Amino acid sequence: MRNFQRLGDGESWVFLNVDPYIAVQGLRFGSFAQMLEENGLPAHRVGVELIETPFDDQKRLVTAVEHYRAIGCLIVIDDFGAGFSNFDRIWRLKPDIVKIDREMTRRVTIEPLARRMFAGIISVLHEAGALVCVEGIETEDEALCATDADADLMQGNYFAAPAPQLHPEHACDDLFARLFRDFRAETAEFRDQRSIRLEPYIEALADAVLALSAGADRASAVRALLDLPCTERCYLVAGDGSQIGASAETEHSVAAHDRRLTPIRPVTGTNWQTKPFFRRAIEAPGKVQITRPYLSATGPKLCVTLSYALSLNDSYHVLCVDLDFAALAGDDLAFLAKIAR
């Protein structure tokens, strides 16, 4: 604390790496608040950062954390995603900030699945009431992934190497200006690519909707959709979420020929009202909805569903088409990773 105060910074946080065992033992001595007071450091500028180590007595750890919270400190969990820093610790300790383990940071730029999960993990941590810091950032690609995933804070040598003195307050201004410029360009490029790849499917879905509205039977209405290379199946859902008839499967649909999935294959009456593709369509009739990639019960592969709510016989119905996610992305790993956003 004395070393930190010598730096002369009047606003920044200081994060203290604390072993859970030490955090618990500190309650026996009660000297932490006194030490802060003696060094003139307000508790609200101190982050008690619990490192990733096992600790069996979770009740005592919760009590200790509440003590540090009560005196005004931030509660921080380090190395989330490694070893014992998992969701159970999040739920018990209710941290203010969670720091993502650097190994996860490294993987997001090389593994599309890791990048898709990365955004979901950060979203769940936000739902738990925590800010998220992505640590171990060494490259611009890693920084862009963290930005794209909606991280609140970033830490790593890409921004500044460890040093005995504080860096100037605006030392990273040019770096962040470039980072945000590149993020805008990458986002715009992805949107253009997604629009191009999905355009034939959206057009065919619109034609199918017009045909159904004009009284055509479902089989002929969706024929053009089924002929497209990435289409897996089409199905019509009533306004209450129940499927009308069986799905129209394409010849190349894996699920159609996978007998292992027979017990859960959708049939007439299967209800989809809890699924995002149905809820979003029924809430916004007349607009095409696009889901994130997900593993559907109708097949063993990731798919993206396009859905559209239309009026048939004076009530809303939702026409859905499942697309093979991997086939849609092809060999483009960046597209494979980012379509989830």
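Could you work out the percent of alpha carbon pairs in the range 159-199 separated by over 13 Å, rounded to a whole number? The share of Cα pairs beyond 13 Å in the range 159-199 comes to 65 percent.
Working note: 222 nm ellipticity from helices only, DSSP H runs with n ≥ 4, each -39,500 (n - 2.57), summed and divided by the residues of the chain, gives -12500 deg cm²/dmol to the nearest 500.
Working from the Cα coordinates of the range 2-159, the gyration tensor eigenvalues give, after taking √(5λ), semi-axes of 28, 19, 12 Å in decreasing order.
With the convex hull constructed from alpha-carbon coordinates only, the range 6-57 shows a mean projected area of 4.3 nm² over all directions.
Derived scalar couplings between HN and Hα for the range 157-162 equal 5, 4, 8, 6, 7, x Hz in order, rounded to whole Hz, by the Karplus curve 6.51 cos²θ - 1.76 cosθ + 1.60 (θ = phi - 60°), x for Gly and Pro. Summary of packing: across the peptides 223-230, 210-217, the per-residue average of other C-beta atoms within 10 Å ranks them, highest first, as 223-230, 210-217. This structure gives Rg and Dmax of the Cα atoms in Å, computed directly, and of (1) 25.9, 81; (2) 20.3, 66; (3) 20.0, 62 that value is listed as (1).
Normalised by residue count, the range 134-187 yields a Cα convex hull volume of 74 Å³ per residue.
Multiplying the residue separation of ALA163 and ARG181 by 0.36 nm and removing their Cα-Cα distance gives an extension gain of 3.7 nm. Please report, ordered by residue number, every helix of the chain (full DSSP H runs) that is 30 Å or longer along its axis going by C-alpha atoms and whose mean Kyte-Doolittle hydropathy reaches 1.0. Helix filter hits for the chain: none. Applying the Karplus relation 6.51 cos²θ - 1.76 cosθ + 1.60 with θ = phi - 60° to the range 217-229 yields 3J(HN,Hα) values of 6, 4, 4, 6, 5, 9, 4, 5, 4, 5, 7, 6, x Hz, where x marks Gly and Pro. Under 24 Å of direct C-alpha separation, and excluding same-chain neighbours fewer than eight residues apart, LYS275 reaches these lysines: LYS287, LYS301, LYS338. Here the accessible area of the chain is 53 percent carbon and sulfur, with a 1.4 angstrom probe and all protein chains present. Inter-label distance, TYR316 to VAL62: 4.2 nm, where each label sits 7 Å from its Cα along the C-beta direction. In the complete set of protein chains, residue-level accessible area for ARG45 is approximately 20 Å², probe 1.4 angstrom.
The values are calculated or read from the model by the stated rules, or taken from the named source; none is laboratory data. Given the structure is predicted, the values throughout are model-derived calculations rather than measurements. Don't worry about glycine lacking a Cβ; one is built from the backbone with ideal geometry, like all the others, and counts go over all protein chains shown. Accessible surface areas use protein heavy atoms only, side chains included; no ligands, DNA or RNA. Shrake-Rupley method; radii C 1.70, N 1.55, O 1.52, S 1.80 Å.
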